[in-house]
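Colleague: Pasting a structure below so you can have a look.
Just so it is clear, none of the values below were taken in a lab; they were calculated from the coordinates. Quick caveat, the model's predicted, so the values are computed rather than measured. We place every Cβ from the backbone using ideal geometry, glycine too, and count neighbours over all the protein chains shown.
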Amino acid sequence: MKHLTPQIIADITGGTYIGGESARNIRVAGAARDNRDVKPGNLFVCISGARADGHSFANAAFEAGAACCLAERPIPDAKGPYVLVGSTLASIKTVAAYHRSLFGIPVIGITGSVGKTTTKELVAAALSSKYEVLKTTGNLNNELGVPLTLMSLDKRHDAAVIEMGISDFGEMSRLAEMVHPDIFVITSIGYSHLLELGDLNGVLRAKTEAFAYMKPGGVAVLSGDDEMLSRYDPGMRKLTFGCGNRNDFYSENVRQEGADALFFDIVSGTGRFPVKIPAYGSHLPSLAPAAAAIGRLLGLRDGEISRGLLAYSPVGGRASVTSAGGITIVDDCYNANPNSVKAALASLQTLPGRRVAILGDMINLGAESEELHREIGVLAAQSGLGSLICCGKEASFIHDGYMSRGGVGASCYLAKADLIPELSGHIKKGDAVLVKASRGMHFEEIVGALKELYSP
């Protein structure tokens with residue numbers, strides 16, 4: 001098959017090749033934006049960021065084995081070849097789209113206001129029982145992360161599962177133009193990035209931009225539990241998934257056994273099969289049927305799907321459960337919006353002991369922020385918490401909503417620095433403690449403090 005070379009990169013980006021003739025047609029495989037991540041043969045992408053300028057590390061990347069650099073300005077005393085372009089960010093997208101076009105394997109794109117990372121992990125786990133799967137790692141789901149992920153495709157891979165995160169109109173089009181998914185999954189349409197997207201209709205419009213870039217014969221796999229997605233017509237074959245039996249693939253007989261195992265059946269028009277997922281969370285039975293639908297589309301048998309799901313494990317900061325000194329900590333502080341907080345509170349109810357929620361601000365909710373935070377407080381009061389601890393300016397409205405419905409054991413702090421010294425007065429041995437807020441609140445500091453305080 002074809003492969004990338006510095007000359008091809010120059011040709012497709014309209015850039016200028018700078019280097020020796022002997023290096024013009026060497027093979028380029030993979031890409032990195034941090035010289036510490038460079039592997040031999042990689043393309044090093046020089047990105048000028050707020051804290052560092054990648055151009056300053058180009059020669060360090062060559063020393064680490066980079067085959068070529070992508071740069072916006074000349075590299076003094078360059079130790080290898082590079083391609084000079086107007087914008088490295090725009091050019092790496094062009095290069096990634098070309099690289100993706102060299103592979104005829106099925107590519108699954110995944111997005112959603114809630115659950116896209118979990119679904120990505122579930123789908124990749126299911127498919128991995130039969131196939132070699134490339135999947136998005138870490139937070140590489142944006143306009144730089146997606147091309148870096150696509151650049152990792154190689155001849156070993158039988159399928160790719162690409163997470164696609166957006167916050168504004170047009171972003172999904174730019175991502176999908178690179179990914180060209182064969183199958184596109186939307187897990188939910190929820191209250192996220194409302195400052196940019198306005199309302200739920202805006203969220204739907206932004207996420208469904210991808211359908212204009214689907215491969216011929218593509219399939220939309222949409223949550224049928226989501227009212228907007230259940231009604232949405234993608235203009236192509238559509239499969240629905242969730243917990244409700246109106247879906248094409250759905251879960252039944254759900255049983256959570258502590259924080260270690262979740263059991264349920266996945267049901268479709270061709271029958272049912274049992275599943276065990278070694279994890280915690282009420283969201284899993286609504287998302288795993290998407291993995292089953294995709295597995296079936298790609299030729300997996302039910303037993304293969306079930307075996308693959310046994311290998312699932314949560315990504316850090318997303319409903320990750322640990323024990324420390326007699327308390328159970330649910331680290332769900334990677335991000336938060338009203339939909340995901342509701343799901344987290346529902347999951348918390350399945351754990352034994354006194355249940356405590358430490359909740360912080362949900363960021364970027366626009367004009368509806370106060371009301372949406374109050375609604376979470378009302379829901380928290382109805383969920384039977386033993387204690388609610390709110391931290392943050394917007395989280396004070398969660399506290400107000402909680403108290404308005406007779407919630408017990410409530411406390412409210414403006415900053416983590418005020419809360420952390422008082423954690424020991426709030427948390428008791430035997431408690432199950434949920435920690436959740438938007439990523440910008442950095443509630444991992446609270447998780448760390450709990451572990452340090454209660455570890456033997």
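Colleague: To make sure I understand, if each residue's beta carbon is the centre and we count other beta carbons within 10 Å, what order do HIS55, HIS3 fall in, fewest to most? Working shown, then result.
Modeller: On the way: HIS55 19, HIS3 14.
Ascending Cβ contact count within 10 Å gives the list HIS3, HIS55.
Colleague: What whole number of Å gives the distance from the Cα centroid of region 20-82 to the Cα centroid of region 410-456?
Modeller: The distance from the Cα centre of region 410-456 to that of region 20-82 comes to 42 Å.
Colleague: Over region 291-341, what lengths in whole Å, largest first, do the semi-axes of the equivalent ellipsoid take, defined as the square roots of 5 times the eigenvalues of the alpha-carbon gyration tensor? Could the numbers behind the result be given before it?
Modeller: Details: eigenvalues 184, 51, 10 Å².
After scaling each eigenvalue by five and taking roots: 30, 16, 7 Å.
Colleague: I would also like to ask the following. Report, ordered by chain and residue number, the lysines lying within cross-link reach of LYS342, taken as a straight Cα distance under 18 Å and ignoring same-chain residues fewer than 8 apart.
Modeller: Counting by Cα, and skipping residues close in sequence, LYS342 has these lysines nearby: LYS116, LYS436.
Colleague: Still on this structure, I have one more. I need the phi-derived Karplus couplings for region 180-185: 6.51 cos²θ - 1.76 cosθ + 1.60, θ = phi - 60°, integer Hz, Gly and Pro marked x.
Modeller: After applying 6.51 cos²θ - 1.76 cosθ + 1.60, I find 6, x, 7, 10, 10, 10 Hz.
Colleague: With a cut-off of at most 13 other beta carbons within 10 Å, and DSSP calling the residue loop, which trypsin sites (Lys or Arg not before Pro) in region 109-206 qualify? Please list them. List each step's numbers first, then the result.
Modeller: Working: sites: LYS116, LYS120, LYS130, LYS135, LYS155, ARG156, ARG174, ARG205; in loops: LYS130, LYS155, ARG156.
Taking region 109-206 and a limit of 13 other Cβ atoms within 10 Å, the loop trypsin sites (Lys or Arg not before Pro) found are LYS155, ARG156.
Colleague: Another one. What is the spin-label model distance, in nm, from SER101 to ASP199 if the labels are put 7 Å beyond Cα along the C-beta direction?
Modeller: 4.0 nm
Colleague: If amide H atoms are built 1.01 Å from N in the plane of the peptide, which residues on other chains or at least 5 residues away come under 5 Å of the amide H of CYS69?
Modeller: PHE44, TYR82, VAL83
Colleague: Test of understanding: ordering THR270, THR328, THR350 by Cβ neighbours within 10 Å, fewest first, what list do you get? Could the numbers behind the result be given before it?
Modeller: Working: THR270 8, THR328 22, THR350 18.
Taking fewest neighbouring Cβ atoms as first place, the list is THR270, THR350, THR328.
Colleague: Kirkwood Rh and Cα-based Rg: tell me the resulting Rg over Rh for region 66-117, rounded to two decimals. Show your work: numbers first, answer last.
Modeller: Numbers: Rg = 16.0 Å, Rh = 13.9 Å.
Checking Rg against Rh, the ratio lands at 1.15.
Colleague: Ok, one more. What share of Cα pairs, in percent, lie more than 26 angstrom apart in region 103-309? Don't skip to the answer; put the middle values down first.
Modeller: Values: 5977 of 21321 pairs.
Of all Cα-Cα distances in region 103-309, 28 percent exceed 26 Å.
Colleague: Also, I was wondering about something else. Say R0 is 22 Å: what FRET efficiency, to the nearest 0.05, do THR16 and ALA60 get from their beta-carbon distance? Walk me through the numbers on the way to the answer.
Modeller: Working: r = 23 Å, r/R0 = 1.02.
The computed FRET efficiency comes out at 0.45.
Colleague: Note down the relative contact order for region 6-87 as a percent, whole number, built from C-alpha pairs under 8 angstrom at least six residues apart.
Modeller: Relative contact order here is 32 percent.
Colleague: How big is the charge dipole of region 320-454 about its Cα centre, in debye rounded to the nearest 20, if each Lys and Arg gets +1 on its Cβ and each Asp and Glu gets -1 on its Cβ? Display every interim value, and only then the final one.
Modeller: Numbers: 12 positive and 15 negative charges, 92 e Å.
Taking the Cα centre of region 320-454 as origin, the dipole is about 440 debye.
Colleague: Let me spell out the model: positive unit charges on the Cβ of Lys and Arg, negative unit charges on the Cβ of Asp and Glu, origin at the Cα centre of the chain. What dipole size does that give, in debye rounded to 20?
Modeller: Numbers: 44 positive and 47 negative charges, 215 e Å.
Dipole size: approximately 1040 debye.
Colleague: Out of every Cα pair in region 14-98, what percent are spaced more than 17 Å from each other? Spell out each step's value before the answer.
Modeller: On the way: 1386 of 3570 pairs.
Of all Cα-Cα distances in region 14-98, 39 percent exceed 17 Å.
Colleague: Amide H neighbours of LEU434 under 5 Å, at least 5 residues apart or on other chains, H built in the peptide plane: list them.
Modeller: VAL330, VAL356, ALA357, ILE358
Colleague: When every alpha-carbon pair in region 320-454 is counted, what percent end up more than 25 Å apart? Intermediate values should be presented prior to the final figure.
Modeller: Working: 1225 of 9045 pairs.
Of the Cα pairs, 14 percent sit more than 25 Å apart.
Colleague: Taking the DSSP beta bridges in region 320-454 as the whole, what percent of them are antiparallel, to the nearest 5? Don't jump to the answer; show the numbers that get you there.
Modeller: Values: 5 of 23 bridges.
Percent antiparallel among DSSP bridges in region 320-454 is about 20.
Colleague: Give me the dipole magnitude in Debye, nearest 20, for region 1-144 about the Cα centre, with unit charges on the beta carbon: positive for Lys and Arg, negative for Asp and Glu.
Modeller: Numbers: 15 positive and 11 negative charges, 76 e Å.
Computed charge dipole of region 1-144: roughly 360 debye.
Colleague: Here is a further query. Would you kindly work out the equivalent ellipsoid of region 122-175 from its C-alpha gyration tensor and give its semi-axes, the square roots of five times the eigenvalues, largest first in whole Å?
Modeller: On the way: eigenvalues 101, 28, 14 Å².
The answer is 23, 12, 8 Å, longest axis first.
Colleague: Please turn the phi angles of region 56-62 into ³J(HN,Hα) values with the Karplus equation 6.51 cos²θ - 1.76 cosθ + 1.60 (θ = phi - 60°), one per residue in order, whole Hz, x for glycine and proline.
Modeller: These are the phi-based 3J(HN,Hα) values: 6, 10, 4, 5, 5, 5, 4 Hz.
Colleague: Could you name the lysines whose alpha carbon sits less than 28 Å from that of LYS39, not counting residues in the same chain fewer than 8 places away?
Modeller: Straight-line reach from LYS39, under 28 Å: LYS2, LYS79, LYS93, LYS120, LYS130, LYS135, LYS155.
Colleague: On a 0 to 90° scale, report how tilted helix 369-382 is relative to the longest principal axis of the chain, with both axes built from alpha carbons and the result rounded to the nearest 10.
Modeller: Here the helix axis deviates by roughly 50 degrees.
Colleague: Output needed: percent of Cα pairs per 20 Å distance bin for the chain, bins running from 0 to the one holding the longest distance.
Modeller: That works out to 24, 51, 24, 1, in percent per bin.
Colleague: Please go through region 32-83 and write out the chymotrypsin sites (Phe, Trp or Tyr not before Pro) that DSSP classes as loop and that have at most 14 other C-beta atoms within 10 Å.
Modeller: Values: sites: PHE44, PHE57, PHE62, TYR82; in loops: none.
The qualifying sites: there are none.
Colleague: Among SER411, SER320, what is the fewest-to-most ranking by other Cβ atoms within 10 Å? Working shown, then result.
Modeller: On the way: SER411 15, SER320 20.
With the fewest neighbours first, SER411, SER320 line up as SER411, SER320.
Colleague: A follow-up question, please. So for region 320-454, taking the charge dipole from beta-carbon charges (+1 Lys/Arg, -1 Asp/Glu), which of PHE443, ILE420, ALA357 sits furthest toward the positive end?
Modeller: Among PHE443, ILE420, ALA357, the one farthest towards the positive end of the dipole of region 320-454 is ALA357.
Colleague: Compute the separation of the alpha-carbon centres of region 233-287 and region 118-178 and state it in Å as a whole number.
Modeller: Between the Cα centre of region 233-287 and that of region 118-178, the gap is 22 Å.
Colleague: Then there is this: What are the trypsin sites (Lys or Arg not before Pro) within region 20-105 that DSSP puts in a loop, where the Cβ has at most 11 other Cβ atoms within 10 Å?
Modeller: Values: sites: ARG24, ARG27, ARG33, ARG36, ARG51, LYS79, LYS93, ARG100; in loops: ARG24, ARG27, ARG33, ARG51, LYS79.
Answer by residue number: ARG27, ARG51.
Colleague: Can you list residues from other chains, or at least 5 along the same chain, whose modelled amide H is less than 5 Å from the amide H of LEU239?
Modeller: So LEU239 has HN proximity to ALA220, VAL221, LEU222.
Colleague: Same structure, new question: What percent of all Cα-Cα pairs in region 1-155 falls in each 10 Å bin, counting up from 0?
Modeller: 11, 40, 31, 15, 3
Colleague: Can you give the Rg and Dmax of region 395-456 based on its C-alpha atoms, in angstrom?
Modeller: In order Rg, Dmax, the Cα atoms of region 395-456 give 12.5, 38 Å.
Colleague: Ignoring everything except DSSP H segments at least 4 long, calculate the 222 nm mean residue ellipticity for the chain; use -39,500 (n - 2.57) per segment, divide by total residues, nearest 500. Mind dumping the intermediate values first?
Modeller: Numbers: 17 runs with 148 residues, N = 456.
Value at 222 nm, helices only: -9000 deg cm²/dmol.
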